[in-house]
Amino acid sequence: MDVMSEANRRESAGEDIIHMEVGQPATPAPRAARERVAQAMAGENLGYTMSLGLPELRERIAAYVKQRYGVGVGPDRVIVTAGSSAGFVLAFLAILDHGDGFGLPSPGYPCYRQILKALGFRAHLIETTAEGRWMPTPADVDALVGSDAAGLLLASPNNPTGTMATGARLKELAEACTRQGLWLISDEIYHGLEYVVAAETALAYSDTAIVVNSFSKYFSMTGWRVGWLIVPEVLTRTIERLSQNLYIAPPTVSQVAALGAFDGIDELEEIKRFYARNRALLLNELPQAGFPNILPADGAFYLYADIRHLTDDSAAFAQAMLREIGVAATPGIDFDPERGRSYLRLSYAGAEREIREAAMRIAAWLKRR
Ligand SMILES: Cc1ncc(COP(=O)(O)O)c(C=O)c1O
């Protein structure tokens, strides 16, 4: 966020900035979503909905899960949330007791640990490795037993690395959690944005997994603040009471937009094709430009570059890159407080022309450094 505000400040002052720090699509919500909202604005009341969300949307999400993964979940297990961010708050509050911890693979999305901390819970960091494609192992799950951690949070595709738990890994992790009596929270917010193999849902391997998802990324609707949870039935009532008290209901206008978004899949697939082109371009250009150590990420719209041959202070490096060539990227310390000093996250959700230009600027900059 600091890099983003500095990048925006420089842009307002007239500098030509390329934004590779932002974790959001450059595209608006799909046309079908915006049309649905326009229709609703013309005459609907748009008052509070049920705190679990519009029944029609909960049904539509359950149908999407069935169609996408072949897994049947009843709409009573689907909870519409104010972005997946609210979903994490609800899930943690529903399953944890004061002082409990939760297993978080590192590097990972920083808000998990900040939300846990703010709620009086503890982040139990699990170091993953590039060789293991930044994914936890069943042994990591076993190692949580006897610790303060009540479960594992898995994000696949992961932010910042874009890597996934592919093949048998997801099944093994889900089974290990069940065997050990641990919760599994599966952050599936980047599902839909996979480029190598299709992402599977944790629901395929666990009846007790809590799935967190959102309209922010694949559906290109970050600002609408709408997401969803799929929870075991036993948690629905608790979460209903929590959401009712915390924020009454997710924004109605955004839920209406979300309903429309399901009719915009062709448009979203087109956007995904342009991410795929950006990904291929960067995986080709960046190694030659001077970032040779990048895992070919499986999904999302991020690459996580190992820059230890260039710096052990990724924040200073990101600042210099922004100041000297106008390319904004996120220092790895946001995602991994220690090892992140030698990593940089680059988002390729921007326009292809800009991504190409960024690769050229980085190459020329590293040559003269
Ligand atoms: C891995 C991951 N999970 C969750 C979120 C939160 O997204 P939202 O609250 O917009 O659904 C983000 C946002 O960048 C993310 O990267």
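What follows is calculated from the coordinates using simple rules that are stated; it is not laboratory data. Keep in mind that this is a model prediction, so the values were computed, not measured. Positions of Cβ are generated from backbone atoms using ideal geometry, with glycine treated the same way; all protein chains shown enter the neighbour counts.
Can you tell which of 281, 154, 170 shows the greatest fluctuation in a Gaussian network model of the chain with Cα springs below 10 Å?
So, out of 281, 154, 170, the one fluctuating most is 281.
What does DSSP give for the chain in terms of the percent of beta bridges that are antiparallel, rounded to the nearest 5?
Looking only at bridges with both residues in the chain, the antiparallel portion is about 50 percent.
May I have the convex hull volume per residue, in Å³, for the Cα set of the stretch 316-369?
Given the Cα convex hull of the stretch 316-369, per-residue volume reads 75 Å³.
Between Rg and the Kirkwood Rh of the chain, both from Cα atoms, what is the Rg to Rh ratio?
Looking at the chain, the ratio lands at 0.97.
Excluding residues on the same chain fewer than 8 positions from residue 217, give the lysines whose Cα lies under 19 Å from its Cα.
272
Compute the FRET efficiency between residue 338 and residue 4 as 1/(1 + (r/R0)^6), taking r as their Cβ-Cβ distance and R0 = 30 Å, and round to the nearest 0.05.
0.85
If we sort 295-306, 179-190 on the protection proxy, mean other Cβ atoms within 10 Å, highest first, what's the order?
Highest to lowest by the protection proxy: 295-306, 179-190.
What do you get for the angle between helix 314-325 and the principal long axis of the chain? Use alpha-carbon atoms, 0 to 90 degrees, nearest ten.
Value to nearest ten degrees: 60.
Would you calculate, for the chain, the mean residue ellipticity at 222 nm contributed by helices, counting each DSSP H stretch of 4 or more residues as -39,500 (n - 2.57) and dividing by all residues, to the nearest 500?
Mean residue ellipticity at 222 nm (helix-derived): -13500 deg cm²/dmol.
So which residue, out of 41, 135, 20, gets the largest mean-square fluctuation from a GNM of the chain using Cα contacts under 10 Å as springs?
In the Gaussian network model the winner is 41.
Please determine, in degrees from 0 to 90 and to the nearest 10, the orientation of helix 265-289 with respect to the longest principal axis defined by the Cα atoms of the chain, where the helix direction is its Cα long axis.
30
Can you list the lysines whose alpha carbon sits under 17 Å from that of residue 171, skipping same-chain ones fewer than 8 residues off?
Cross-link targets: none qualify.
Using only Cα atoms, what Kirkwood radius does the stretch 220-278 have, in angstroms?
Taking the inverse mean of 1/r over all distinct Cα pairs, the stretch 220-278 comes out at 13.9 Å.
Using Cα positions and a limit of under 18 Å, work out the aspartates and glutamates in reach of residue 367, with same-chain residues fewer than 8 apart set aside.
Leaving aside aspartates and glutamates fewer than 8 places away in the same chain, those within reach of residue 367 are 285, 306, 324, 357.
Quick one: what Rg and Dmax do you get for the stretch 30-114 from the alpha carbons, in Å?
Rg, Dmax (Cα atoms, Å): 16.7, 48.
Beyond 18 Å, what share of the Cα-Cα pairs of the stretch 231-369 is found? Please give it as a whole percent.
65
Can you work out the Karplus-derived ³J(HN,Hα) for every residue in the stretch 191-198? Use 6.51 cos²θ - 1.76 cosθ + 1.60 with θ = phi - 60°, whole Hz, and x for glycine or proline.
5, x, 10, 10, 10, 10, 10, 5
So what are the stretch 70-129's ellipsoid semi-axes, whole angstrom, largest first, if each one is the square root of 5 times an eigenvalue of the alpha-carbon gyration tensor?
23, 16, 11
Let me see the P(r) profile for the stretch 138-233: every Cα-Cα distance counted, bins of 5 Å, each bin given as a percent of all pairs.
Here the calculated profile for the stretch 138-233 is 3, 13, 23, 23, 20, 11, 5, 2, 0.
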